[in-house]
Amino acid sequence: MERTGNMVTLTNTGKHPAIGVHVEVPEKMDQLIVSENYIWLNPQESKILKINLESPVIVKGWNLQSPY
């Protein structure tokens, strides 16, 4: 995961799809707006998400190679 301002870039560096990938801001979930959430990332695929908060994010999903 790379973060630049309100842009989060997610990249699947694994050999298998990452499914249901989503970002969370635990203390501010009621305020969080994400351009896309619960996405599918194929191996070597990247996706740029726009979020409305500057707070640190947590990335979750099924089949993630390592926690973000």
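Note on region 7-46: residues that are modelled with pLDDT of 95 or more and touching an Asp or Glu at 6+ places or on another chain (Cβ under 7 Å) total 1. Here the condition is being out of contact with any Cys (no Cβ under 9 Å at 6 or more places or on another chain) and exposed (fewer than 14 other Cβ atoms within 10 Å of the Cβ); of Pro43, Pro17, it holds for Pro43 alone. Residue count for region 1-25 satisfying the condition of being part of a loop (DSSP other than H, G, I, E, B) and of a type outside the set (Ser, Thr, Tyr): 9.
Residues that are exposed (fewer than 15 other Cβ atoms within 10 Å of the Cβ) and not acidic (Asp, Glu) within region 21-36 comprise Pro26, Lys28, Met29, Gln31, Ile33, Ser35, listed in sequence order. Taken over region 46-61, the residue count meeting the criterion of being surrounded by 11 or more Cβ atoms within 10 Å (Cβ to Cβ) and either more than 14 Å from His22 (Cα to Cα) or not β-branched (Val, Ile, Thr) (or both) is 9. Mind counting the residues in region 14-68 that are under 14 Å from Glu2 (Cβ atoms) and of a type outside the set (A, V, I, L, M, F, W, C)? The total comes to 5.
The values are calculated or read from the model by the stated rules, or taken from the named source; none is laboratory data. All values derive from a computational prediction rather than experimental measurement. Cβ sites come from the backbone with ideal geometry, for glycine too, and all protein chains shown count toward neighbours.
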